[in-house]
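A short reminder: the numbers here are calculations on the coordinates, not readings from a lab. Worth saying up front: this structure is predicted, and the values here are computed from it rather than measured. Glycine gets a Cβ as well: all are built from the backbone with ideal geometry, and neighbour counts include every protein chain shown.
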Amino acid sequence: MAETSDSDLMRTWARLIRVKQSLESAVERDLKHGGALPLAWYDVLLELSRAPEGWLSPRELEQEMLIAQYNLSRLLDRLEKAKLVRRLEFPGDARRQLIAITDKGRERRKASWPIYRDAVQRHAGGKHSAAELSQLLALLGRFLTPA
């Protein structure tokens, strides 16, 4: 692999961060404008709906989420208050808990999906050809591969 100058590396790093922040903000605005769930809420409900049993431990949930969530406990409190998730006792260990998606949570996630999909298409997908997206996917995948 060719050597990269420190300047190019730092400019690339800064651009990646700015792109992430810009896209998340744009998608959040569209979700709010469309009456959909906030991105963090959608992400939690998506991961719970993907779980075979419909529940995950908070630790598993945090590992699966697309966005960094430093205040997962408060987020789960808000989702529980909205009756989109419920907390279950962990079998055999009352100190631990599981987070389960409710029927209402499934319905709200499904209703939010078209708005979310359209927002991602508008702000990210519509700016690139299928070949460019494929190439970008491969390039970004390298960041997730352990060094």
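Efficiency by 1/(1 + (r/R0)^6): what FRET value for Glu107 and Leu23, r their Cβ-Cβ distance, R0 = 22 Å, to the nearest 0.05?
Step by step, r from the Cβ atoms, then E = 0.25.
Determine, for each peptide in 9-19, 104-114, the mean count of other beta carbons within 10 angstrom over its residues, then list the peptides with the highest first.
104-114, 9-19
Could you pull out every one of the lysines with an alpha carbon less than 16 Å from that of Lys110, ignoring same-chain neighbours closer than 8 positions?
The reachable lysines, counting only those whose Cα sits under 16 Å from Lys110, are Lys32, Lys83.
Regarding the range 36-122, what are the three Cα extents along the principal axes, ordered largest first, in Å?
Its Cα atoms span 46, 25, 24 Å along the three principal axes.
If the chain between Ser7 and Arg59 were fully stretched, how many nm would it gain, using 0.36 nm times the residue separation less the Cα-Cα distance?
Extra length from Ser7 to Arg59 when fully extended: 15.0 nm.
Could you give the DSSP H helices of the chain that reach 27 angstrom or more along their long axis (alpha carbon positions) and whose average Kyte-Doolittle hydropathy is no lower than -1.0?
Membrane-span-like by this criterion, though nothing is claimed about a membrane: 6-33.
Size of the dipole of the chain about the Cα centre, Lys and Arg at +1 and Asp and Glu at -1 on the beta carbon, nothing else charged, in debye to 20?
Roughly 540 debye, rounded to the nearest 20.
Select one label from (i) 10.7; (ii) 15.3; (iii) 11.6: the one whose number is mean projected area of the Cα convex hull in nm² as derived from the coordinates shown.
Read-out taken from this structure: (iii).
What is the packing order of peptides 35-44, 86-95, 136-145, 49-58, taking the mean over residues of other C-beta atoms within 10 Å and listing the highest first?
Highest-to-lowest ranking by the protection proxy: 35-44, 49-58, 86-95, 136-145.
Averaging sequence separations of C-alpha pairs under 8 Å and six or more residues apart, then dividing by the length of the range 36-122, give the relative contact order as a whole percent.
35
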